[in-house]
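**Student:** Input: one structure, supplied below.
The values are calculated or read from the model by the stated rules, or taken from the named source; none is laboratory data. This is a predicted model, so every value here is computed, not measured. All Cβ positions, glycine included, derive from the backbone under ideal geometry; neighbour counts span all protein chains shown. Please note that ligands, DNA and RNA were not included when accessible areas were found on the heavy atoms of the full protein model with its side chains. Shrake-Rupley method; radii C 1.70, N 1.55, O 1.52, S 1.80 Å.
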Amino acid sequence: VIVSGELKGTIEAINGLEITGTGRVYGDVTGDRLIVDEGAIYKGNVNMDIITSKKKYEEEKLGRSGR
């Protein structure tokens, strides 16, 4: 996920989050990588527990039944 504008809310970025110099993020982030460029604004909590994040993504992608 790459943010160059303003984003408010929870973000689950399986392959990481980059906030560019013009980006503003207000919310919690779960993922395996966080890049905050100079000039960017970030306010929230970071959870780098990618195992939980990927499991949730796979469950949603495959459906709750595991098919």
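**Student:** Sum up the charges of everything whose Cβ sits under 9 Å from the Cβ of Gly16, counting Lys and Arg as +1 and Asp and Glu as -1, but leave Gly16 out.
**Tutor:** That sum, taken over residues with Cβ under 9 Å, equals -1.
**Student:** If the viscosity is 1.567 mPa s and the temperature 4 °C, what Stokes-Einstein diffusion coefficient in µm²/s follows for the range 2-62 when Rh is the Kirkwood radius over Cα pairs?
**Tutor:** 111 µm²/s
**Student:** Another question, then. Over the range 2-62, average the accessible area per residue using a 1.4 Å probe and give it in Å², no decimals.
**Tutor:** Here the per-residue accessible area is 66 Å².
**Student:** Then there's this: If I compute solvent accessible area with a 1.4 Å probe over the protein chains, what percent of it on the range 2-62 is carbon and sulfur?
**Tutor:** Heavy-atom surface of the range 2-62 belonging to carbon and sulfur, 1.4 Å probe: 50 percent.
**Student:** Still on this model: Could you sort the peptides 41-47, 30-36 by per-residue average Cβ neighbour count (10 Å cutoff), highest mean leading? Before the final figure, lay out each step's value.
**Tutor:** Values: 41-47: 12.3, 30-36: 15.6.
Top of the packing list down: 30-36, 41-47.
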